[in-house]
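Only one structure is covered here, and it is reproduced in the block below.
The values are calculated or read from the model by the stated rules, or taken from the named source; none is laboratory data. No experiment lies behind these values; they were computed from the predicted model shown. Cβ sites come from the backbone with ideal geometry, for glycine too, and all protein chains shown count toward neighbours. Each accessible area value is taken on the protein alone, full model and side chains, heavy atoms only, with ligands, DNA and RNA left out. Shrake-Rupley method; radii C 1.70, N 1.55, O 1.52, S 1.80 Å.
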Amino acid sequence: MPKQFWINLPVKDLNQAQEFYTKLGFSVDGQQGNGDYVKLTVGEHGIVVMLFPESTFQSFIKHKVSDAMQAGEVLFSIDAECREEVDEMARRVEMAGGDVFAVPGENQGWMYGCGFADLDGHRWNVLYMDFSKVPKG
């Protein structure tokens, strides 16, 4: 059984990407190698997000790097403890130069969230889920 899970993301500018994510509250867990990647952690379980320059990332996948500004690749989700935390993340994204493509709002009567894209177009959402309001049935 796997012991750990992490996300690898290609970025155009490693320093700008690191600055963006730290403004959102991700923790830098080290810039290692010869400055060819940045390790970030997020959440109480310390999920790892590895940022790599596109050329390095491409050498791993042996495939062309998709342009996340033009097409969807995946949607990463972050759990929020309350509605205010969703609003705060949207504010941080905008202040850090990201794009809030779905403003904070209610969905299905029990979820409150927003969607944003980072500087490279990778898409994320932040959700507060009130399971006490999930329709029974």
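Which pairs turn up if I take residues in the stretch 32-53 that are open to solvent by less than 50 Å² (accessible area, probe 1.4 Å) and look for partners that are part of a strand (DSSP E or B) and modelled with pLDDT under 90 with beta carbon separation below 7 Å, at least 6 apart in sequence or on another chain? Final answer for the pair search is 38/31; 40/29; 41/29. Do the conditions hold for residue 88, that is, is it under 25 Å from residue 29 (Cβ atoms), over 13 Å from the mean Cα position of the chain (by Cα) and among the charged types (D, E, K, R)? Here the answer is yes, as residue 88 does meet what is asked.
Inside the stretch 22-67, residues that are modelled with pLDDT of 90 or more and under 22 Å from residue 79 (Cβ atoms) make up a count of 16. With a requirement of 2 or more residues that are under 13 Å from the mean Cα position of the chain (by Cα), the strands (runs of 3 or more DSSP E) lying completely within the stretch 11-68 that satisfy it span 37-42, 47-53. Scanning the stretch 100-137 for residues that are within 27 Å of residue 14 (Cα to Cα) and polar (S, T, N, Q) yields a single hit, 125. If you go through the stretch 94-131 and pick out every residue that is among the aromatic types (Phe, Trp, Tyr), assigned to a strand (DSSP E or B), out of contact with any helix residue (DSSP H, G or I) (no Cβ under 6 Å at 6 or more places or on another chain) and open to solvent by 30 Å² or more (accessible area, probe 1.4 Å), you end up with 1.
Looking only at the stretch 78-93, which residues are free of Cβ contacts under 8 Å to residues at least 60 places away in the same chain and open to solvent by less than 80 Å² (accessible area, probe 1.4 Å)? Of everything in the stretch 78-93, those that are free of Cβ contacts under 8 Å to residues at least 60 places away in the same chain and open to solvent by less than 80 Å² (accessible area, probe 1.4 Å) turn out to be 78, 80, 82, 85, 86, 87, 88, 90. The test for being modelled with pLDDT of 95 or more and closer than 22 Å to residue 38 by Cβ holds for residue 77. Within the stretch 5-23, residues that are hydroxyl-bearing (Ser, Thr, Tyr) reach partners that are assigned to a helix (DSSP H, G or I) with beta carbons closer than 9 Å, at six or more positions or on different chains, in the pairs 21/96; 22/96. Just one of (1) over 18 Å from residue 13 (Cα atoms); (2) modelled with pLDDT of 95 or more fails for residue 97. It is (1).
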